[in-house]
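Structure first, commentary second.
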Amino acid sequence: MSKQLIIDGQSIEVEDGTTLLQACEQAGAEIPRFCYHERLSIAGNCRMCLVEVEGSPKPIASCAMGVNDLPPNRDGSPKKISTKSAVVKKAREGVMEFLLINHPLDCPICDQGGECDLQDQAMAFGIGGSRYQENKRAVEEKNIGPLIKTMMTRCIHCTRCVRYMTEVAGVEELGLIGRGEDAEITTYLEKGILSEMSANVIDLCPVGALTHRPWAHNARPWEMKKTETIDVMDALGSAIRVDARGPEVMRILPRNNDAVNEEWISDKARHVADGLRTQRLDQPYVRKDGRLVPATWDEALAVAAAALKTADRHRIGAIAGDLAGAEEMFALKSLFTGLGSSNIDCRQAGEALDPSLGRASYLFNATIEGIEQADAIMIIGSNPRIEAPVLNARIRKRWRLGGLLVGVIGEKADLGYAYNHLGTGSEALEQFVAHGPIQKQRPIFIVGQGATARPDGAAVLAMVAKAALSMGVVKDGWNGFSVLHNAAARVAGLDLGFVPGPGGKTAAAMVMAGGIDVLYNLGADEIEIAPGAFVIYQGSHGDAGAHRADVILPGAAYTEKSATYVNTEGRAQMTAKAAFAPGMAKDDWSIVRALSGVIGQPLPFDSLSGLRAAMYKSAPVLSRLDQVDPAPAGAIEGLAKRGGAVTGGVFVPAIGDFYLTNPISRASAVMAELSALKSIAARGAGLRAAE
């Protein structure tokens with residue numbers, strides 16, 4: 001059904017359920033607003049979106065009025081709506097005047113300056129002066145954590161932050177108390193907010209009441225170069241914008257991508273920027289007499305090449321870390337193939353994922369957007385709130401609509417929505433899969449690293465795949481078998497076949513004492529390498545891998561290179577260079593190419609475009625940027641046939657500390673502070689529970 005309206009003299013047909021504000025925007029009218037936001041519930045409390053409706057005695061708040069609520073004209077003609085009449089202009093000027101009664105004149109010192117909705121709308125819809133002579137009220141500032149700087153005297157009570165925390169983040173810790181002049185936004189219990197997605201309120205705030213605390217008073221928006229790229233702090237591939245001034249990344253903001261992250265990002269993705277500046281590797285190093293000493297590129301490459309050439313080809317290996325781009329993994333695989341070694345692995349966590357079966361065996365087949373169609377979700381060996389906060393918010397969004405049954409097998413944790421906890425390990429999983437088909441149309445199994453990165457991970461995965469087929473999770477028109485990855489590099493590595501070849505050793509076998517003689521460590525900092533092997537480390541930060549290295553080759557971070565990453569659902573995306581790598585650090589693929597030349601087996605490409613042409617030929621799926629191609633479900637059937645013995649035991653969480661999961665976050669002072677606060681809060685909760 002649709003409804004006919006005449007907006008500013010233009011006849012338009014809109015669908016039932018559309019609000020007046022949406023209808024006006026469809027007609028091309030600009031409607032100012034402060035409280036209204038497309039992804040939040042309607043509050044209707046700022047009154048800035050007033051429009052004039054034919055027959056109405058006063059202007060109407062268009063955000064809170066549906067087109068179906070408009071009474072019909074007596075003659076049956078379409079309702080006439082005006083967004084530019086003198087009545088509307090005067091009403092909006094009056095609303096703006098009231099909003100500015102107590103708002104301080106802080107624009108010259110406010111971090112919101114230059115990107116402030118209040119500034120913009122005061123210029124466009126307000127009047128040139130004020131008639132008020134009274135003193136402005138002041139509100140006591142709040143300390144709600146190390147991420148959000150408050151200046152609540154500027155607050156206009158739009159309640160966007162309150163609705164976001166309650167509805168999206170699932171942390172009901174902000175609210176509006178008091179009435180009239182005493183009304184203020186505050187935390188209920190005078191404590192900091194420690195949600196993994198709390199800092200999104202900074203983007204939602206239309207004034208300077210909530211701003212970035214770590215970034216406070218550092219720069220103005222117009223001083224920075226803005227680069228659209230993607231996040232690699234988890235495997236979701238959230239769309240972000242990196243703002244840099246000169247060589248320094250100043251801040252990271254979300255971009256809109258409805259299919260992936262909507263317009264939210266995690267606090268780690270947003271505030272890890274200071275980790276890009278500290279503990280950086282900016283020149284090569286070579287270990288001499290037990291100590292790492294600075295070296296030139298020629299010296300470092302010569303030492304690395306000599307180690308690889310002199311060792312037995314069966315005794316050399318390579319491991320790719322969680323932040324590696326597809327280009328450097330392809331180059332490294334090509335190098336080791338040329339050297340005759342099949343000891344390569346991108347699964348440093350030890351996940352039992354086999355790309356030879358097909359992509360459907362290791363992808364989030366339901367897709368991130370598909371979560372909103374689900375009517376049942378079983379989470380197995382995963383804590384999505386920690387492993388993928390934005391994906392967890394999508395689950396919560398679906399749960400709030402009602403009709404969603406959620407079950408968990410694994411760690412019992414606060415996920416932000418109600419669920420049935422069936423048990424903590426494989427015994428509970430065995431009991432669950434014994435049931436027959438489930439009476440749901442679009443069920444999803446979310447399988448996390450806690451279930452796959454175990455000695456019996458292959459058997460657990462096969463059991464889940466078999467259950468998915470028998471329970472109707474995989475059927476015509478729907479594939480709910482979904483593997484949730486934690487590492488941004490993992491899916492691209494599997495797509496490229498960066499796994500052991502015939503007779504090759506896994507990452508776990510390579511890092512054991514006596515496993516191999518020479519190990520090429522491509523940014524794998526979450527795996528412990530036993531003494532004995534000669535280690536060539538290529539990465540961006542002086543983390544665990546660099547401490548264990550005999551040769552260090554400094555690479556670029558994700559904001560300093562153009563690299564391809566594939567997210568957990570199989571969507572290929574590309575980062576963009578927002579700043580230059582520090583010192584003598586180089587693009588990672590070019591380091592591998594230079595090393596191949598020193599070894600005497602130069603790779604058959606000299607440019608990034610040449611590398612990508614070869615890579616796309618080897619793995620065509622990487623060339624289809626920002627697309628999700630459904631993978632044939634036959635891979636899940638092959639996985640189910642593998643079987644194996646499940647040894648029992650609980651599913652151990654894949655991530656212990658959300659804030660310290662990779663070298664960049666561990667170099668961040670902001671992440672270290674958040675980690676410490678989270679630890680203190682957890683200890684306090686434990687003591688209260690014990691009492």
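The values are calculated or read from the model by the stated rules, or taken from the named source; none is laboratory data. Only a predicted model underlies this, so the values are computations on that prediction, with no experimental measurement involved. Cβ sites come from the backbone with ideal geometry, for glycine too, and all protein chains shown count toward neighbours. Surface accessibility is based on the protein's heavy atoms, side chains included, excluding ligands, DNA and RNA. Shrake-Rupley method; radii C 1.70, N 1.55, O 1.52, S 1.80 Å.
Observations on the structure shown:
- Among the candidates G94, G55, residue that is over 40 Å from the mean Cα position of the chain (by Cα) and at positive phi: G55
- Hits in the stretch 102-113 (condition: part of a loop (DSSP other than H, G, I, E, B) and open to solvent by 50 Å² or more (accessible area, probe 1.4 Å)): L105
- Scanning the stretch 1-59 for residues that are polar (S, T, N, Q) and under 19 Å from V207 (Cβ atoms) yields a single hit, N45.
- Every residue from the stretch 504-528 that is farther than 14 Å from A320 by Cβ, among the aliphatic types (A, V, I, L, M) and touching a strand residue (DSSP E or B) at 6+ places or on another chain (Cβ under 7 Å): I516, V518
- Extreme residue, surrounded by the fewest Cβ atoms within 10 Å (Cβ to Cβ), among residues of the stretch 523-558 that are over 13 Å from L281 (Cβ atoms) and in contact with a Leu (Cβ under 6 Å, 6 or more places away or on another chain): V535
- Checking each residue in the stretch 460-477 for being open to solvent by 10 Å² or more (accessible area, probe 1.4 Å), touching a residue at least 60 places away in the same chain (Cβ under 8 Å) and either aliphatic (A, V, I, L, M) or within 23 Å of V260 (Cβ to Cβ) (or both) picks out M463, L469, V474.
- Of all the residues in the stretch 179-231, those that are farther than 25 Å from H103 by Cα, among the hydroxyl-bearing types (S, T, Y) and not in a loop (DSSP other than H, G, I, E, B) number 2.
- Filter result for the condition that a residue is part of a loop (DSSP other than H, G, I, E, B), surrounded by 14 or more Cβ atoms within 10 Å (Cβ to Cβ), touching a Lys or Arg at 6+ places or on another chain (Cβ under 7 Å) and charged (D, E, K, R), over D657, D626: D626
- Positions within the stretch 149-171 being closer than 21 Å to Y36 by Cβ and assigned to a loop (DSSP other than H, G, I, E, B), in sequence order: C155, I156, H157, C158, T159
- Residues that are open to solvent by 20 Å² or more (accessible area, probe 1.4 Å), of a type in the set (A, V, I, L, M) and in contact with a helix residue (DSSP H, G or I) (Cβ under 8 Å, 6 or more places away or on another chain), drawn from the stretch 118-167: A122, I127, A138, I156
Conditions (1) open to solvent by 10 Å² or more (accessible area, probe 1.4 Å); (2) among the aliphatic types (A, V, I, L, M); (3) in contact (Cβ under 8 Å) with a residue 12 or more places away in the chain, marked per residue:
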{"site": "L236", "(1), (2), (3)": "no, yes, yes"}
{"site": "V242", "(1), (2), (3)": "no, yes, yes"}
{"site": "P254", "(1), (2), (3)": "yes, no, yes"}
{"site": "L281", "(1), (2), (3)": "yes, yes, yes"}
{"site": "V303", "(1), (2), (3)": "yes, yes, yes"}
{"site": "D322", "(1), (2), (3)": "yes, no, yes"}
{"site": "T337", "(1), (2), (3)": "yes, no, no"}
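- Within the stretch 15-36, residues that are over 22 Å from D117 (Cα atoms) and in contact (Cβ under 8 Å) with a residue 12 or more places away in the chain have Cβ atoms under 6 Å from residues that are open to solvent by 40 Å² or more (accessible area, probe 1.4 Å) and aliphatic (A, V, I, L, M) in these pairs: D16/M1, counting only partners at least 6 apart in sequence or on another chain.
- Scanning the stretch 256-279 for residues that are under 25 Å from G583 (Cβ atoms), surrounded by fewer than 24 Cβ atoms within 10 Å (Cβ to Cβ) and among the small types (G, A, S) returns a single hit, A273.
- Those strands (runs of 3 or more DSSP E) of the stretch 426-542 in which at least 2 residues are over 30 Å from A667 (Cα atoms), considering only elements entirely within it, cover 443-447, 481-483.
- Residue match in the stretch 417-425 (condition: assigned to a helix (DSSP H, G or I) and either over 29 Å from A508 (Cβ atoms) or open to solvent by less than 10 Å² (accessible area, probe 1.4 Å) (or both)): no
- Qualifying residue in the stretch 32-40 (condition: open to solvent by 60 Å² or more (accessible area, probe 1.4 Å), basic (K, R) and not in a loop (DSSP other than H, G, I, E, B)): no
- Residue match in the stretch 593-612 (condition: open to solvent by 10 Å² or more (accessible area, probe 1.4 Å), closer than 28 Å to F364 by Cα and touching a residue at least 40 places away in the same chain (Cβ under 8 Å)): yes
- Residue that is surrounded by the most Cβ atoms within 10 Å (Cβ to Cβ) [pool: residues in the stretch 1-31 that are polar (S, T, N, Q) and at pLDDT 90 or above]: T19
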